[in-house]
Amino acid sequence: MFRQLKSVFLFATGLFLLGAPSTVFAQNGAAQHEAAQNEAIFDPEARLVELGITLPNPQSPVANYVNGVRTGNLIFTAGKGAKFADGSELHGKVGADVTIEEGYKGARQTAINQLAVLKNMLGNLNRVVRVVKVLGMVNSDPSFGDQPAVINGFSDLIVEVFGERGRHARSAVGMASLPRGQSIEIEMIVEVTDDSDARAVSSEARQPLLMKYLGTAGWEINDGNVTVLIDPYISRLKYGGGGDPEDHRPDYARDAVAVSDTVLIDSIIKKADFILVHHGHFDHLGDVPYIARKTGAKVIGTETTMSILRAYGIPEEQLYAVGGGEDYQFEGFSVRVVPSIHSALEEKHYFDTRRFDENTPLKAPLLINQFIEGGSLMFLARFENHDVLTMGSMNFVERELEGIHPDVLLAGINGSRLGLYKYDERLLKVTGYPAVVIPSHWDNFRLPYGYSQQSGIDRNIKPFIEAAAAISPQTQVITPVHLETIIVK
Ligand SMILES: [Zn+2]
């Protein structure tokens, strides 16, 4: 569930933690930009879960002082030592009785103990704006000079948990002795949010949106109440050319019988309440018959889409045929159907007016090329705290989007958009410059999961990120990774 966060973390450690020189930042402007953007979704509470860290109850002060003092938006914590879960402490002089490695582990434990203090004061570590300063004291043998290597145990954990927000100024010094012969004592200063003095409101405010990228135009979105799939295409068949020579799976002709990789689907899709289908092409609808039967989800799409699902025997009560313009309220979820148009494929020569209806003779299993477009839709999917505008193509009808201002835009970002008049600019403007834009349908859907999609990132996403930065500087563009979950607060 938090793999997206993990990738952000790995990136952060690679660039920020291991002492990369500042020139790396200059050379890596785009990457740094991306990391900074992903930072907004870095959830320290989730990181603790992922790291398998359970915070202890904060140790009580052993004398006449308190664990932490807040003044304004700063918290100054009292010095803490390496007290482990079993109650033992790290004692002795580093460089004589204690090795650097033992000291490092002790410093890491000290960071956990300090996080326990912060958690107790704040209720939620998301209220930490920035770790400002760390003072690390090491009970050192007089000959020992590697105090930074010891205190890195503290700093590394803080950055693992807080990401960019955890980077701090630091002193790491040697001491002739420390209370009770402890090896380490560390204190810290953190900046916190304005609202964080109100412990009473520590019950979590907004339910985040979990958005898992399934590749192509496919998404699984969960707001804690409903699970909504968008164009869930998992099978990623090698078909109709355009595959990878390294991919030795069978190559399907367009008039071959359509198949779904049900084993793979079962491993990824566990449940769904709704399935929204933008149009009927195989890379959008191909797996929906199997997923709809498996999950019992309500499916919303065009009459063509419904006709195909009927051919597969999906019960009528699951089928919601729409034409565009509907605005439907369901339990805990509403969806506005937006009329749209398909990508301008084949250098704008693509045009397909075919439609299926109840009179069309269709017999499952269909051929791949029987998955016709059947008209195109977009959806404004309204979740508990977020409105998500979805796209299944690199095209839109501008007037149909007027007044629709989503928090999150799943933007069709593939090469064919470049054949349209000022696509990026018109799209971001008419949608009200959304806070979060996530490129969709930019990858090579004929490659299985796990294959590199770098060329799509280079060709499609990077130019879009640059364009978006100029058009809408406050917009976060998040690059999705197959099967990883993006958390939108
Ligand atoms: Zn299509």
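Results, tabulated for the structure shown:
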{"quantity": "Number of positions in segment 278-294 that are in contact (Cβ under 8 Å) with a residue 60 or more places away in the chain, in contact with a helix residue (DSSP H, G or I) (Cβ under 8 Å, 6 or more places away or on another chain) and either within 16 Å of the ligand (Cβ to nearest atom) or more than 14 Å from residue 365 (Cβ to Cβ) (or both)", "calculated": "7"}
{"quantity": "Test: residue 210 is aliphatic (A, V, I, L, M), surrounded by fewer than 19 Cβ atoms within 10 Å (Cβ to Cβ) and at pLDDT below 95", "calculated": "yes"}
{"quantity": "Single condition residue 128 does not satisfy, out of (1) crowded, with 18+ Cβ neighbours inside 10 Å; (2) among the β-branched types (Val, Ile, Thr); (3) modelled with pLDDT of 95 or more", "calculated": "(3)"}
{"quantity": "Tally of residues being of a type in the set (Gly, Ala, Ser) and under 15 Å from residue 106 (Cα atoms) across segment 147-173", "calculated": "4"}
{"quantity": "Candidates 259, 228, 299, 263, filtered to the one that is outside any loop (DSSP other than H, G, I, E, B), of a type in the set (A, V, I, L, M), assigned by TED's automatic domain parsing to the domain that holds residue 378 and surrounded by fewer than 19 Cβ atoms within 10 Å (Cβ to Cβ)", "calculated": "263"}
{"quantity": "Meets criteria (buried (at least 16 other Cβ atoms within 10 Å of the Cβ), away from the ligand (no atom under 16 Å from the Cβ) and in contact (Cβ under 8 Å) with a residue 60 or more places away in the chain) for residue 344", "calculated": "no"}
{"quantity": "Residue check, residue 395 within 16 Å of the ligand (Cβ to nearest atom), out of contact with any helix residue (DSSP H, G or I) (no Cβ under 6 Å at 6 or more places or on another chain) and part of a helix (DSSP H, G or I)", "calculated": "no"}
{"quantity": "Residue in segment 439-456 that is more than 26 Å from residue 287 (Cβ to Cβ) and within 16 Å of the ligand (Cβ to nearest atom) present", "calculated": "no"}
{"quantity": "Condition check for residue 317: of a type outside the set (Ser, Thr, Tyr) and at pLDDT below 95", "calculated": "no"}
{"quantity": "Condition met for residue 321 (surrounded by fewer than 22 Cβ atoms within 10 Å (Cβ to Cβ), in the same structural domain as residue 227 (by TED's automatic domain parsing) and more than 19 Å from residue 390 (Cα to Cα))", "calculated": "no"}
{"quantity": "Lone unmet requirement of (1) under 24 Å from residue 404 (Cα atoms); (2) among the acidic types (Asp, Glu); (3) in contact with a Pro (Cβ under 7 Å, 6 or more places away or on another chain) for residue 247", "calculated": "(1)"}
{"quantity": "In segment 398-414, the residues that are within 16 Å of the ligand (Cβ to nearest atom) and in a loop (DSSP other than H, G, I, E, B)", "calculated": "413, 414"}
{"quantity": "Odd one out for residue 195 among (1) modelled with pLDDT under 95; (2) outside the structural domain of residue 369 (by TED's automatic domain parsing); (3) not in a helix (DSSP H, G or I)", "calculated": "(3)"}
{"quantity": "Some residue of segment 385-399 being more than 27 Å from residue 456 (Cβ to Cβ) and not charged (D, E, K, R)", "calculated": "yes"}
{"quantity": "In segment 443-467, residue surrounded by the fewest Cβ atoms within 10 Å (Cβ to Cβ) [restricted to those that are within 19 Å of the chain's Cα centre (by Cα) and of a type in the set (A, V, I, L, M)]", "calculated": "457"}
{"quantity": "Scope segment 349-378; condition acidic (Asp, Glu) and within 14 Å of the ligand (Cβ to nearest atom); matching residues", "calculated": "352, 373"}
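The values are calculated or read from the model by the stated rules, or taken from the named source; none is laboratory data. These numbers were taken from a predicted model, which means no experiment stands behind them. Ideal geometry is used to build each Cβ from the backbone, glycine not excepted, and the neighbour counts take in all protein chains shown.
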